[in-house]
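Trainee: The structure follows.
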Amino acid sequence: MNQPFNTSTAPSREETPHRVLPLALKLLTAMALFLWMVAQGKLDLSQLGILLSNKAILWGAVAFWAIGPVYLASLRWKMLLTAAGYQISLARSLLLQLIGFFFTTVMPGSLGGDFIKVYYLIKENPGKEKSLALWAILFDRLIGMFGLFMVGAVFTALNFERLWAQPLLRPVIALVYGYILFFVGFMWSLRLIRPAGAAARPAGVAGKLLEFMTACRVYRGQNRTIIAASLLSTLSQGLSFAFFALLAQQISPGELRLNELGAIFPLGMLITTLPLSPGGLGVGHLAFEQLFAMVGMAQGANVYNVYFVSQTVLNLTGVVAYLLKKPGAQAGAARAAVPG
């Protein structure tokens with residue numbers, strides 16, 4: 001039997017220091033990197049003015065956010081949850097997506113939004129296994145990354161020989177195509193996995209991996225759902241790249257190297273998801289500064305900063321969806337947003 005996911009209790013006083021210290025270290029790391037880049041002249045905060053002075057950038061940010069991360073991602077999540085046996089409407093998926101964005105933004109960590117989505121999902125589907133809801137979100141993230149790397153694979157393929165000729169880009173290109181092969185292999189391997197009880201599973205990471213793969217068996221044979229979800233993910237990530245390229249064209253001097261930018265974009269975005277700082281603050285800035293330099297472009301930190309700030313501000317509008325919830329549900333969700 002899977003262990004239940006606790007959504008009803010707040011962290012105890014004994015647990016709090018163990019949670020606060022890692023989060024404090026992440027915040028300090030993020031701010032140190034951010035301030036260092038400002039002091040070194042690599043990050044020009046005045047560039048943020050482009051969000052107000054350039055209507056194409058402003059409306060591009062809003063359109064990308066509303067269509068990609070909000071609508072398309074909500075539709076993909078709904079499709080995957082329905083395939084796993086959950087009852088959820090598209091309107092409900094949109095609402096939970098917005099609430100998740102708000103908590104991901106205001107909580108000093110990258111999992112707060114996921115936990116709150118799980119909290120509401122299991123409250124509305126009491127007959128389903130609670131741990132399966134967590135695994136479903138992880139699987140959704142895997143498909144999201146598949147779409148991201150598909151974007152990189154397309155732009156790399158358009159000029160593969162020239163990009164492969166650059167030694168610094170070879171590991172990046174290998175990562176792009178390697179993840180796509182990994183995902184295809186992962187989906188194929190689900191046909192080989194057999195259900196195993198808790199007593200039969202190995203301990204540690206291997207046991208959790210087996211539990212995850214066993215949970216993902218619900219998607220075996222649902223090829224149409226997986227293909228549709230993958231296409232939605234690729235389209236959403238393509239919109240993300242289009243907006244990022246628009247920012248690079250406006251901020252980075254010189255000719256826009258679209259194929260090179262498409263090749264490094266997935267790696268940069270992947271780095272921002274690592275649990276090293278809140279929302280990729282500081283870490284993402286440094287990553288894109290180095291990746292831009294790798295392909296002969298400049299202003300990588302500034303391009304990412306405008307992208308980061310625009311999406312962060314829009315994510316905060318999710319507070320409206322959160323406030324529409326009943327007070328009791330708000331309190332429970334706030335506790336659930338702090339991972340245990």
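Any read-out appearing in this document is the output of simple, stated calculations on the displayed coordinates, not a laboratory observation. These figures come from a predicted structure and were not determined experimentally. Backbone-built Cβ (ideal geometry, glycine too); neighbour counts: all protein chains shown.
Trainee: Counting other beta carbons within 10 Å of each residue's own, what order do Val172, Val205 fall into, fewest first?
Mentor: Val205, Val172
Trainee: Then there is this: Can you give the local net charge around Asn125? Use residues other than it whose beta-carbon is closer than 15 angstrom to its beta-carbon, Lys and Arg +1, Asp and Glu -1.
Mentor: +4
Trainee: Using 0.36 nm times the number of residues separating Leu90 and Arg141, minus their current alpha carbon distance, what extension gain do you get?
Mentor: Working: separation 51, 0.36 × 51 = 18.36 nm, distance 1.83 nm.
Gain in length upon complete extension: 16.5 nm.
Trainee: Between Leu58 and Ile193, what length comes free when the chain is fully extended (0.36 nm per residue of separation minus the Cα-Cα distance, one decimal in nm)?
Mentor: Extra length available between Leu58 and Ile193 comes to 43.9 nm.
Trainee: In whole Hz, what ³J(HN,Hα) sequence does the range 129-139 give by Karplus (6.51, -1.76, 1.60; θ = phi - 60°), x for Gly and Pro?
Mentor: So the Karplus estimates, Gly and Pro as x, are 5, 5, 5, 4, 4, 5, 5, 5, 5, 5, 5 Hz.
Trainee: Order of 256-269, 80-93 by packing, highest average Cβ count within 10 Å first?
Mentor: The packing order, highest mean first, is 256-269, 80-93.
Trainee: Next question, about the same structure. Can you give the Kirkwood hydrodynamic radius for the range 46-336, in Å, rounded to one decimal and based on Cα pairs?
Mentor: So the Kirkwood estimate lands at 20.2 Å.
Trainee: Evaluate the charge dipole of the range 46-336 about its Cα centre and quote only its size in Debye, nearest 20, assuming +1 on the Cβ of each Lys and Arg and -1 on the Cβ of each Asp and Glu.
Mentor: For this selection, approximately 1040 debye.
Trainee: Name the shape class, rounded, prolate or oblate, that the alpha-carbon gyration tensor gives for the range 46-155, where a ≥ b ≥ c are the square roots of its eigenvalues, rounded holds for a/c under 1.5, and otherwise prolate holds if a/b is larger than b/c and oblate otherwise.
Mentor: In terms of gyration-tensor shape, prolate.
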